[in-house]
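The next block holds one structure in the form of C-alpha cells; read it before the comments.
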Amino acid sequence: LIVGGGFTGLWTALSLKERRPSLVVALIEADRCGAGASGKNGGKVHGYWTALPRLAAQLGDDSALAIARSGAEAQDALRRFAGQAPLDVWWREAGSLTVSAAPAQDRALVGAVETAARLGVEDQLRLLDAGEVQQRCASPVFRAGLLYAEGATLHPPRLARALRARALACGVLLHEATPMTALEPGSGHHPDGRDLGG
Ligand SMILES: Cc1cc2nc3c(=O)[nH]c(=O)nc-3n(C[C@H](O)[C@H](O)[C@H](O)COP(=O)(O)OP(=O)(O)OC[C@H]3O[C@@H](n4cnc5c(N)ncnc54)[C@H](O)[C@@H]3O)c2cc1C
C-alpha cells in the first residue's frame, strides 16, 4: 500500500510493478494524483553534479560521485519514461546553467571546475565566460557561468498525469480522494470500510 500519488508514490508503484508484475499494489491519494508539489513545481529536471563541491566537502569524494551518478541514473530513467509516456510531458533537454552575479561568486565557479577535474568528471561541466553567458541569457548582472551537460525541463502536471495513466495501465489499484487517516499493520481499509485491495 502506497500513500500519496505524487511523483514518489507513482514512481514507486510503477517500479514495484516493473520488478514483479504479479504484485498487488494499491495507491491511495487524498486528493488527485499530482495535486501536491509534484503537479505544481518548476519542472526543472536536474541531478547533483552542480552540488559536487559541497557534497565532496561534506561527504567525501566517493560518496559525492556516487550521489551525482545516481542523480544521472534517475534522469536516464525519466528520459526513457518521457520517450514512451502515454502523453507528451514536454521533455526538453538543454543542460543546466549556473551563473555568478558578483565578483565574490566567480571563485566558486572556478572551484567547481577544479573539483570536477580532480575527480575525473570534468566532462560534466564547462566554464563559460561573460560573453557566452550573455548569449544564453542577457542579464546585465550575470558574469561567468558553468554549463552542465545534464538537465532538462518538463511539464509537471503532464508528468503526473502520464505516471497516473501508466500506473493504471500496469494494474495499480488507484484510490483517489482517499486520505489515509490511520496506520494499522496488516489492514487497508477506506474510511467508509471498503477494502483497498493492498
Ligand atoms: C514551488 C516548488 C517548486 C519546485 N520545483 C522543482 C523543480 O523545478 N524540480 C524538481 O525536481 N523539484 C522541484 N520541487 C520539488 C518537487 O516538487 C518535490 O520534490 C516532489 O514533487 C515531491 O514529490 P512527492 O510525491 O514526494 O510529494 P507530493 O507531490 O507532495 O505528493 C504527496 C501526495 O500525498 C498526498 N497525501 C498527503 N497526505 C496524505 C494522506 N494522509 N493520505 C493520502 N494521501 C496523502 C498529497 O495529496 C500529495 O498528492 C519543487 C517544489 C516546490 C514546492
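Bear in mind these aren't lab numbers, they're just calculated from the coordinates by the rules spelled out. Keep in mind that this is a model prediction, so the values were computed, not measured. Cβ atoms come from the backbone with ideal geometry, glycine included; neighbour counts cover every protein chain shown.
Which of the residues belonging to the range 149-185 are more than 30 Å from LEU128 (Cβ to Cβ), in a helix (DSSP H, G or I) and touching a residue at least 24 places away in the same chain (Cβ under 8 Å)?
Listed by number, the residues that qualify are PRO157, ARG158, ALA160, ARG161, ALA162, LEU163, ARG164, ALA165, ARG166, ALA167, ALA169.
Could you list all residues from the range 60-92 that are assigned to a loop (DSSP other than H, G, I, E, B), surrounded by 12 or more Cβ atoms within 10 Å (Cβ to Cβ) and of a type in the set (Asp, Glu)?
Those that are assigned to a loop (DSSP other than H, G, I, E, B), surrounded by 12 or more Cβ atoms within 10 Å (Cβ to Cβ) and of a type in the set (Asp, Glu): none in the range 60-92.
Note down all Cβ pairs under 9 Å where the first residue falls in the range 41-52 and is closer than 23 Å to PRO157 by Cα and of a type in the set (Lys, Arg), the second is in a loop (DSSP other than H, G, I, E, B) and within 11 Å of the ligand (Cβ to nearest atom), and they're at least six residues apart or on different chains.
The qualifying pairs are LYS44/GLY151; LYS44/LEU154.
Could you please give the count of residues in the range 24-59 that are within 15 Å of the ligand (Cβ to nearest atom), surrounded by fewer than 19 Cβ atoms within 10 Å (Cβ to Cβ) and assigned to a helix (DSSP H, G or I)?
Of the residues in that region, 2 qualify.
Just to verify a result, which residue in the range 105-128, among those that are closer than 16 Å to ALA66 by Cα and in contact (Cβ under 8 Å) with a residue 60 or more places away in the chain, is nearest to the chain's Cα centre (by Cα)?
So, considering only residues that are closer than 16 Å to ALA66 by Cα and in contact (Cβ under 8 Å) with a residue 60 or more places away in the chain, the one nearest to the chain's Cα centre (by Cα) is GLN124.
Give the range 150-182 a look and list any residue that's of a type in the set (Gly, Ala, Ser), within 11 Å of the ligand (Cβ to nearest atom) and surrounded by fewer than 15 Cβ atoms within 10 Å (Cβ to Cβ), or say none.
ALA177, ALA182
Among the residues of the range 1-21, write down those that are within 6 Å of the ligand (Cβ to nearest atom) and assigned to a loop (DSSP other than H, G, I, E, B).
Answer for the range 1-21, where residues must be within 6 Å of the ligand (Cβ to nearest atom) and assigned to a loop (DSSP other than H, G, I, E, B): GLY4, GLY5, GLY6.
Quick check, is THR98 surrounded by 14 or more Cβ atoms within 10 Å (Cβ to Cβ) and either assigned to a helix (DSSP H, G or I) or touching an Asp or Glu at 6+ places or on another chain (Cβ under 8 Å) (or both)?
Against the criterion (surrounded by 14 or more Cβ atoms within 10 Å (Cβ to Cβ) and either assigned to a helix (DSSP H, G or I) or touching an Asp or Glu at 6+ places or on another chain (Cβ under 8 Å) (or both)), THR98 does not qualify.
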